[in-house]
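Below is one structure; the comments refer to it alone.
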Amino acid sequence: MRTPRETVAEAQELLDAGRPFHAHEVFEDAWKSGPDDERALWRGLAQLAVGLTHAARGNVTGGARLLRRGAGALDEWMSQAGQRRPYGMDLVGLTGWARELAGFVEEGGARVDAGARAPRLRG
């Protein structure tokens, strides 16, 4: 099992390499094996990564929907936990990235380059 900081570092490497589905799996592992009070955090991050996966594969509707769902989950977690930078991650920046990318995907209707559009987890 990875520590939360190891999870963030490994997921960032995968995102930077254009492998968002694999980053999703790293986040999903943290979601399913981590403490209950962090489950929504990791689930939201997993949704962002799989949203990017769908956007990179040209699934406009699924990509935008999951990016927005993940952003909403992170907003909810921040309001309940009172944290904006768990493990050094910039959740406000991530939610902004997700919503912006969702709009871009819907407007353009084309695939995105997952590596080029990868978020910076730590801002």
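The values are calculated or read from the model by the stated rules, or taken from the named source; none is laboratory data. Just so it is clear, the model here is predicted, and its values are computed rather than measured. Ideal geometry is used to build each Cβ from the backbone, glycine not excepted, and the neighbour counts take in all protein chains shown.
The set of residues in the stretch 43-69 being crowded, with 24+ Cβ neighbours inside 10 Å, under 18 Å from residue 89 (Cα atoms) and free of Cβ contacts under 8 Å to residues at least 40 places away in the same chain consists of 44, 46, 47, 49, 67. If you filter the stretch 70-85 down to residues that are under 14 Å from the mean Cα position of the chain (by Cα) and crowded, with 18+ Cβ neighbours inside 10 Å, you find that the one that is farthest from residue 24 (Cα to Cα) is 77. Comparison of 37, 75 shows that the only residue that is of a type in the set (Asp, Glu), closer than 27 Å to residue 113 by Cα and in a helix (DSSP H, G or I) is 75. Scanning the stretch 22-34 for residues that are over 10 Å from the mean Cα position of the chain (by Cα) and either within 25 Å of residue 111 (Cβ to Cβ) or of a type in the set (A, V, I, L, M, F, W, C) (or both) gives 22, 25, 26, 28, 30, 31. Just one residue in the set 102, 46 is in contact with a Leu (Cβ under 9 Å, 6 or more places away or on another chain), outside any loop (DSSP other than H, G, I, E, B), among the aliphatic types (A, V, I, L, M) and modelled with pLDDT of 95 or more; that residue is 102. Of everything listed in (1) part of a helix (DSSP H, G or I); (2) farther than 18 Å from residue 28 by Cβ; (3) touching an Asp or Glu at 6+ places or on another chain (Cβ under 9 Å), the single unmet condition for residue 107 is (3).
Under 7 Å between Cβ atoms, which residue pairs at least 6 apart in sequence (or on different chains) link something in the stretch 26-37 that is under 12 Å from residue 4 (Cβ atoms) with a partner that is of a type in the set (Asp, Glu)? From the stretch 26-37, the pairs are 26/10.
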